[in-house]
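Asks: Could you have a look at this structure, given as structure tokens, before my questions?
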């Protein structure tokens with residue numbers, strides 16, 4: 001997740017996942033979107049936080 005203003009530890013595994021994207025609404029709320037939902041039906045668009053297990057978790061250094 002490439003966002004230096006994200007709350008640390010709030011989203012569990014998603015905090016370090018390249019497939020995660022923070023979405024901010026106009027009222028200041030922050031949501032986490034999983035980009036894997038676009039190509040794989042096993043993943044929900046907005047997972048319930050904190051995510052403790054995920055087969056699609058990928059850190060930036062993973063290949």
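Asks: Given the conditions (1) at pLDDT below 95; (2) surrounded by 18 or more Cβ atoms within 10 Å (Cβ to Cβ), and given that residue 20 satisfies all but one, which numbered condition is not satisfied?
Replies: If we test residue 20 against (1) at pLDDT below 95; (2) surrounded by 18 or more Cβ atoms within 10 Å (Cβ to Cβ), just (1) comes out false.
Yes or no, residue by residue, for (1) at pLDDT below 95; (2) touching a strand residue (DSSP E or B) at 6+ places or on another chain (Cβ under 9 Å); (3) not in a loop (DSSP other than H, G, I, E, B):
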site	(1), (2), (3)
3	yes, yes, no
6	yes, yes, no
10	yes, yes, no
42	no, no, no
49	yes, yes, no
57	no, yes, no
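Asks: All but one of (1) at positive phi; (2) in contact with a strand residue (DSSP E or B) (Cβ under 7 Å, 6 or more places away or on another chain) hold for residue 31; which doesn't?
Replies: (1)
Asks: Which residues, counting only those in the range 18-40, are in a loop (DSSP other than H, G, I, E, B) and touching a helix residue (DSSP H, G or I) at 6+ places or on another chain (Cβ under 9 Å)?
Replies: Once the filter is applied, which keeps residues that are in a loop (DSSP other than H, G, I, E, B) and touching a helix residue (DSSP H, G or I) at 6+ places or on another chain (Cβ under 9 Å), the range 18-40 yields 18, 19.
Asks: Could you give me the residue pairs with C-beta distances under 9 Å whose first residue belongs to the range 24-40 and is without any contact (Cβ under 8 Å) to a residue 12 or more places away in the chain, whose second residue is outside any loop (DSSP other than H, G, I, E, B) wherever it lies, and which are 6+ apart or on separate chains?
Replies: Final answer for the pair search is 24/30; 24/31; 25/31; 29/23.
The values are calculated or read from the model by the stated rules, or taken from the named source; none is laboratory data. If you're wondering where the values come from, they're calculated on a predicted model, not measured in any experiment. Please note: Cβ atoms are built from the backbone with ideal geometry, for glycine as well, and neighbour counts cover all protein chains shown.
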